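To keep things clear, I will list the structure first and then write my remarks on it.
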Protein chains: 2
Amino acid sequence: MTKSQPLSIPVISDMFAAHERIKPYIHKTPVLTSSYFNELSGAELFFKCENFQKAGVFKARGASNAVFGLADDKLEKGVATHSSGNHALSLSYAAGRRGIPCTVVMPRTAPRAKKEAVKGYGGRIVECEPSTSSREAVFAEVVAETGAEFVHPYNDPRVIAGQATCSHELIDQIGELDAVVAPIGGGGMISGTCLTLSNLAPGIKIYAAEPANADDAARSLKAGHIIADDAPETVADGLKVPLKDLTWHFVSNYVSDIHTATESEIIDAMKLIWKRMKIVMEPSSAVPLATILKNKDVFAGKRVGIIITGGNVDLDLLPWLNS
Amino acid sequence: MTKSQPLSIPVISDMFAAHERIKPYIHKTPVLTSSYFNELSGAELFFKCENFQKAGVFKARGASNAVFGLADDKLEKGVATHSSGNHALSLSYAAGRRGIPCTVVMPRTAPRAKKEAVKGYGGRIVECEPSTSSREAVFAEVVAETGAEFVHPYNDPRVIAGQATCSHELIDQIGELDAVVAPIGGGGMISGTCLTLSNLAPGIKIYAAEPANADDAARSLKAGHIIADDAPETVADGLKVPLKDLTWHFVSNYVSDIHTATESEIIDAMKLIWKRMKIVMEPSSAVPLATILKNKDVFAGKRVGIIITGGNVDLDLLPWLNS
């Protein structure tokens, strides 16, 4: 999406087209259950494990949809983006699969594991300061220099349609659900979830889960308009970015509520998932369970899907060992 | 198996009976693949993920077979065992499911995570020194005091028949394989693997993988008789115990070779599996991959099953953070 084109709200046929387009490049990830967490929460939980996704994160879906949907005359100049890490990784993965160049602007403070992985997939990194304003300024220079196609990490209909394939798989794998809970940062995963469920399973309630330290989406939903914070600090490093117009459309129309969790609640939930489910996942992915455990009355007795969004964590810097 | 009964070598009908008996109490665990590790090894690898098993370890199979095969007149006095951790956990799990008492003798140096988990399942712990001789002495006292049924962690036909159900699932899930690699400590998993494959798929070669620091099984296989070390030291804490007569029968007759890996090779393989496959597993479970990566000529171009034996690791004491 270049600046000259207007953003259009993706529709359900875009999701179906995306799913056909990206199937060769993504995993149909497994859904895990845990009797321990069912007992602990009082709900029946279904964990959609996008930590097992290509590039270790759900964003491989949206990035693959954008890259494999590119017209031939755009391939030579490649793609570019800014990202706190996982979209950078995913766009590099997808560009590598299609054999086109990829430049990413990343905060210099992004986890080392993510930077190394971007390079491993062949992406080129340009560093910025860890604030929204710096990221956008540096990125404008990169686009001017390369002429690459901008694939925004979430405020892009191609990306949202790609992320929407995740809940399409989930309802196919699990059938009836009462609710789905996903983390919210910029709102790409939540928007994709809204796109799919509002069309294919409108009875399923959609809840977002957000770090209390970066609760701009929760405050936005209450206020009725987008509130953006510059450079919030949270262990859930994938969830620091603000909503934009496309994702605000889905959040404001289809999200039932946004619950928040403190840093220690997020870290405790993360460690407990590692310990009991034997899976490696990111702090961001623990926010849904953290919010379910502190809002048990909302979810008790319900069948609840949880999006485990990614698994790209630095194994040398685990948050429960840094306190 | 009390001391007055002779040990008998389990046969394939014992495996089939075990599988029917324990199905309600165990998971049919998933088999994962990784294009990254296929490329790295030059082989096609199939990871049988017993880290997702009940109690977090394959030993839930053997323990469940022993406990649910117990005659009614033995239930009141319950079961007892000695174990470096995982069998203790598994026997406590199985006894808890059947509602009978369980006493376990554990080295005082066993990982805290395993001790807590044993207590969590309702097992009673009696501590010993971290040596084979101390463990056996303390255990004799426990049996004399409680009159409980001894379920040996591996030298017990009921346990071996239970562990044998793992490779029964694997060949059902994957079909043709050229080789299976499993860790070897006392030899319970390897013996079960030999029992199943020698009968149902005799073309599959069986390799054992052992820490170089606790290579008694490799030396035994070369010498042609059991060699037992007292208190070897290795990060693969599940693999410190020696072979016994029943497991020696299977190892000496059906194992093609035993490869060893150093401590740093084991830790590197463990961290790499966590990083790339996003699964939590124990140091012991990393020994097969470590040996495959240093013996690539043996496995190149082959379809190889790897038993990821368990996932009960202390998340506060990860081995790559202690060096």
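The values are calculated or read from the model by the stated rules, or taken from the named source; none is laboratory data. Fair warning: this is a prediction, and the values are worked out from it, not measured in the lab. Using ideal geometry, Cβ is built from the backbone for each residue, glycine included, and neighbour counts are taken over all protein chains shown.
Brief remarks on what is shown
- Residue check, A:Leu40 away from chain B (no Cβ under 14 Å), out of contact with any Phe, Trp or Tyr (no Cβ under 9 Å at 6 or more places or on another chain) and surrounded by fewer than 22 Cβ atoms within 10 Å (Cβ to Cβ): no
- Near pairs, Cβ below 7 angstrom, 6+ apart or cross-chain, from region A:148-166 (closer than 9 Å to A:Asn65 by Cβ) to any residue that is assigned to a loop (DSSP other than H, G, I, E, B) and among the hydrophobic types (A, V, I, L, M, F, W, C): A:Val159/A:Val151; A:Gln163/A:Phe58
- Consider region A:55-72 and keep the residues that are buried (at least 24 other Cβ atoms within 10 Å of the Cβ) and not hydrophobic (A, V, I, L, M, F, W, C). The one that is nearest to B:Phe52 (Cα to Cα) is A:Gly56.
- Filter pass, B:Asp268 being in contact (Cβ under 8 Å) with a residue 12 or more places away in the chain and within 14 Å of another protein chain (Cβ to nearest Cβ): yes
- Positions within region A:271-285 being touching a strand residue (DSSP E or B) at 6+ places or on another chain (Cβ under 8 Å) and more than 9 Å from chain B (Cβ to nearest Cβ), in sequence order: A:Ile273, A:Glu282, A:Ser284, A:Ser285
- Considering A:Val298, A:Val304, the condition of being away from chain B (no Cβ under 14 Å) and either modelled with pLDDT under 95 or assigned to a helix (DSSP H, G or I) (or both) is satisfied by A:Val298 alone.
- For A:Pro24: the one exception among (1) within 14 Å of chain B (Cβ to nearest Cβ); (2) in contact (Cβ under 8 Å) with a residue 40 or more places away in the chain; (3) farther than 30 Å from B:His27 by Cβ: (2)
- Any hit, region B:239-251, residues being among the aliphatic types (A, V, I, L, M), within 14 Å of chain A (Cβ to nearest Cβ) and under 26 Å from B:His27 (Cα atoms): no
- Some residue of region A:38-60 being touching a Cys at 6+ places or on another chain (Cβ under 9 Å), outside the structural domain of A:Thr291 (by TED's automatic domain parsing) and assigned to a strand (DSSP E or B): no
- When we screen A:Leu170, A:Leu200, A:Leu195 for residues that are in contact with a Gly (Cβ under 7 Å, 6 or more places away or on another chain) and closer than 23 Å to A:His249 by Cβ, the only hit is A:Leu170.
- Answer residue from region A:274-315, given it is of a type in the set (Asp, Glu) and in contact (Cβ under 8 Å) with a residue 12 or more places away in the chain and is surrounded by the fewest Cβ atoms within 10 Å (Cβ to Cβ) among those: A:Asp314
- Number of the condition not met by B:Arg97 [criteria: (1) farther than 21 Å from B:Lys240 by Cα; (2) away from chain A (no Cβ under 14 Å)]: (2)
- Applying the condition of being in contact with a Lys or Arg (Cβ under 7 Å, 6 or more places away or on another chain) and within 13 Å of chain A (Cβ to nearest Cβ) to region B:43-59 and asking which residue is farthest from B:Lys302 (Cα to Cα) yields B:Gly56.
- Note on region B:82-98: residues that are modelled with pLDDT of 90 or more and not in a helix (DSSP H, G or I) amount to 0.
- Taken over region A:110-125, the residue count meeting the criterion of being within 19 Å of A:Ala231 (Cα to Cα) and surrounded by fewer than 16 Cβ atoms within 10 Å (Cβ to Cβ) is 1.
- Residue in region A:232-245 that is of a type in the set (S, T, N, Q), crowded, with 16+ Cβ neighbours inside 10 Å and in a helix (DSSP H, G or I) present: no
- With respect to (1) aliphatic (A, V, I, L, M); (2) away from chain B (no Cβ under 14 Å); (3) touching a strand residue (DSSP E or B) at 6+ places or on another chain (Cβ under 9 Å); (4) buried (at least 24 other Cβ atoms within 10 Å of the Cβ), the lone exception for A:Ala18 is condition (3).
Okay, residues lined up against (1) part of a helix (DSSP H, G or I); (2) at pLDDT below 95; (3) within 24 Å of B:Pro30 (Cα to Cα); (4) assigned by TED's automatic domain parsing to the domain that holds B:Lys244:
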{"site": "B:Val118", "(1), (2), (3), (4)": "yes, yes, no, no"}
{"site": "B:Gly122", "(1), (2), (3), (4)": "no, yes, no, no"}
{"site": "B:Arg135", "(1), (2), (3), (4)": "yes, yes, no, no"}
{"site": "B:Ala182", "(1), (2), (3), (4)": "no, no, yes, yes"}
{"site": "B:Ile190", "(1), (2), (3), (4)": "yes, no, yes, yes"}
{"site": "B:Ala218", "(1), (2), (3), (4)": "yes, no, no, yes"}
{"site": "B:Ile226", "(1), (2), (3), (4)": "no, no, no, yes"}
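- All conditions in (1) out of contact with any strand residue (DSSP E or B) (no Cβ under 6 Å at 6 or more places or on another chain); (2) within 14 Å of chain B (Cβ to nearest Cβ); (3) within 21 Å of A:His87 (Cα to Cα); (4) part of a helix (DSSP H, G or I) hold for A:Leu317, with the sole exception of (4).
- Among (1) within 17 Å of the chain's Cα centre (by Cα); (2) surrounded by fewer than 24 Cβ atoms within 10 Å (Cβ to Cβ), the one test that B:Phe150 misses: (1)
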